[in-house]
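Below you'll find the structure, written out as structure tokens, and then a few comments.
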DNA sequence: CGATTAAAGGATAAAAATTATTATTCATTT
DNA sequence: AAATGAATAATAATTTTTATCCTTTAATCG
């Protein structure tokens, strides 16, 4: 398992046990909601405060250490920042996975046609995953 | 201006003055948040309750009369249901607009490659609009 | 039309989610 | 190892959303 101590520090974040746990959980789960993150964290830190979760998630967001993924009809989940990518979400089991799709053609078309300077593309494809089908 | 009385009724929703106002506002604004909707509504109905806004928005969502659009770093907005489409959002002024993009190629690729049955694609392109550039 | 009825609105309370405050504890630097 | 600035936990305060209760109203039908 990767140790995130240095990564945290390079983002100007002290490497506290709580933060290392959060990063480990994010790494292990891929995507997780505040609620679920708290449920997992409370097992390791029986006295952790929900405010600590929020504070750290918001700090990590500001530092672009993590990113938020807003999903249709579901709670927002968070993931470690990686290369730009899209998501698939199963409406049955709630599974969320990364997918790499080349959106350059679309971005270029919109930039010229709409005269709109695109800097980011958030795409979520929802449907039914192979396990639930 | 279109009269939404019959449209509301066809969705099993009574055509009350408050609901007609909500649909008019949605039509005029294109996209609006709960907060802004309340701000506009209170001008016409000085004693309207915020709960009424929430109740109606949720009812209209259930009936697919309207749809919610989750935006990165911004409050969720709502729009009248229309043909499937994507959105562009300006990071400077907050403007949100519909755009029509053909995502069939992407959907098909993902369906076969990931063995995932796609039923919906939510795409938000963010950046800088022509007015803000 | 006017009465009936199921649904909607308004006021308010309650619940859920998020943020702010503060004293204490801890990670890092020297 | 001590000093210091930052993080944590506990708690309070806000904000957002939903539920309840009672009154009012839109739609239906004679």
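Brief remarks follow.
- Residue B:34 being within 11 Å of DNA strand C (Cβ to nearest atom), more than 28 Å from residue A:109 (Cα to Cα) and in contact (Cβ under 8 Å) with a residue 12 or more places away in the chain: no
- Residues considered: A:67, A:18. Of these, the only one that is surrounded by 12 or more Cβ atoms within 10 Å (Cβ to Cβ), more than 10 Å from DNA strand D (Cβ to nearest atom) and either within 14 Å of another protein chain (Cβ to nearest Cβ) or free of Cβ contacts under 8 Å to residues at least 60 places away in the same chain (or both) is A:67.
- Residue match in segment B:5-14 (condition: surrounded by 13 or more Cβ atoms within 10 Å (Cβ to Cβ), touching a residue at least 24 places away in the same chain (Cβ under 8 Å) and closer than 23 Å to residue B:75 by Cα): no
- Checklist (1) within 13 Å of DNA strand C (Cβ to nearest atom); (2) within 14 Å of the chain's Cα centre (by Cα) applied to residue B:73, failing item: (2)
- Hits in segment A:61-83 (condition: over 22 Å from residue B:76 (Cα atoms) and in contact with a strand residue (DSSP E or B) (Cβ under 8 Å, 6 or more places away or on another chain)): A:65, A:80, A:81, A:82
- Criterion violated by residue A:111 - all others in (1) within 30 Å of residue B:77 (Cβ to Cβ); (2) out of contact with any strand residue (DSSP E or B) (no Cβ under 9 Å at 6 or more places or on another chain) satisfied: (2)
- Taken over segment B:86-108, residues that are touching a strand residue (DSSP E or B) at 6+ places or on another chain (Cβ under 8 Å), free of Cβ contacts under 8 Å to residues at least 24 places away in the same chain and either more than 12 Å from chain A (Cβ to nearest Cβ) or exposed (fewer than 14 other Cβ atoms within 10 Å of the Cβ) (or both) amount to 1.
- Of the helices (runs of 4 or more DSSP H) lying entirely inside segment B:1-74, those containing at least 2 residues that are outside the structural domain of residue B:90 (by TED's automatic domain parsing) and within 23 Å of residue B:87 (Cα to Cα) span B:17-29, B:34-44, B:50-62.
The values are calculated or read from the model by the stated rules, or taken from the named source; none is laboratory data. Everything numeric here is computed off the predicted structure, so don't read it as measured data. Every residue, glycine as well, gets a Cβ built from its backbone with ideal geometry; the counts of neighbours run over all protein chains shown.
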